[in-house]
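Trainee: Below are the C-alpha cells for one structure; questions will follow.
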Amino acid sequence: ALVVSLGMDTFAGDPISGFTLQSADYLRVGERLGATGLPTVLVFEGGYAVNEIGVNVVNVLEGFETAP
C-alpha cells in the first residue's frame, strides 16, 4: 500500500512555499503514483493558493486514474 501526503503547497503560486510546480505537473505526479499499481490513499495536507487548489487536486486524481 502507498500513503501519500498530498501537500498542494508545492504549487508555484502558493504564497508561503518556494516550490515551483505548475498545474500541469500534478497530472504527471498522479500518473506516476497510479503507475505503481499499489493500493493508494491520498491525504490532503493543505495548500494556500486557494484559487488553484481544486484544479491541482483534480489534475492529480485524473493523472492517477489514467495511469498505465
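Trainee: Work from the charge dipole of the chain (Cβ charges, +1 for Lys and Arg, -1 for Asp and Glu, about the Cα centre) and give the residue of Gly34, Ala12, Asn59 farthest towards its positive end.
Mentor: Gly34
Trainee: Now a separate question. Only sites in a loop by DSSP and with at most 15 other Cβ atoms within 10 Å count here; which chymotrypsin sites (Phe, Trp or Tyr not before Pro) in the chain make the cut?
Mentor: For chymotrypsin sites (Phe, Trp or Tyr not before Pro) across the chain that sit outside H, G, I, E and B with at most 15 neighbouring Cβ atoms in 10 Å, the list reads Phe19, Tyr48.
Trainee: Between Thr40 and residues 5 or more places away or on another chain, which pairs have amide H atoms under 5 Å apart, with H built 1.01 Å from N, and which residues are they?
Mentor: Residues meeting the amide H criterion: Leu2.
Trainee: Given only helices, namely DSSP H runs of n ≥ 4 each adding -39500 (n - 2.57), what is the per-residue ellipticity at 222 nm of the chain, to the nearest 500 deg cm²/dmol?
Mentor: After summing the helix terms and dividing by the residues of the chain, the value is -13500 deg cm²/dmol.
Trainee: When the Karplus curve 6.51 cos²θ - 1.76 cosθ + 1.60 is applied with θ = phi - 60°, which whole-Hz ³J(HN,Hα) does each residue of region 51-68 get, with x for Gly and Pro?
Mentor: So the Karplus estimates, Gly and Pro as x, are 5, 9, 3, x, 4, 5, 5, 4, 4, 4, 5, 5, x, 4, 5, 9, 4, x Hz.
Trainee: Skip the ligands, DNA and RNA, and give the accessible area per residue of the chain with a 1.4 Å probe, whole Å².
Mentor: 62
Trainee: Multiply the residue gap between Thr40 and Leu2 by 0.36 nm, knock off their C-alpha separation, and tell me the result in nm, one decimal place. Walk me through the numbers on the way to the answer.
Mentor: Working: separation 38, 0.36 × 38 = 13.68 nm, distance 0.47 nm.
Full extension of this stretch gives 13.2 nm more.
Trainee: Same structure again: Convex hull volume of the Cα atoms in the chain, per residue, in Å³?
Mentor: That works out to 70 Å³ per residue.
Trainee: Related question: Less than 11 Å Cβ to Cβ from Gln22, Lys/Arg counted +1 and Asp/Glu -1: what total charge do the surrounding residues give?
Mentor: Around Gln22, the surrounding residues sum to -1.
Trainee: GluC sites (Glu not before Pro), restricted to region 1-63: which are DSSP loop and have at most 12 other Cβ atoms within 10 Å? It would help to have the intermediate numbers written out before the result.
Mentor: Numbers: sites: Glu31, Glu45, Glu52, Glu62; in loops: Glu45.
Those satisfying the criteria are Glu45.
The values are calculated or read from the model by the stated rules, or taken from the named source; none is laboratory data. Not measured: the values here are computed from a predicted model. When we count neighbours, we look across all protein chains shown, and the Cβ atoms used for this are built from the backbone with ideal geometry, even at glycine. We work out accessible area using only protein heavy atoms, side chains counted, and drop any ligands, DNA or RNA first. Shrake-Rupley method; radii C 1.70, N 1.55, O 1.52, S 1.80 Å.
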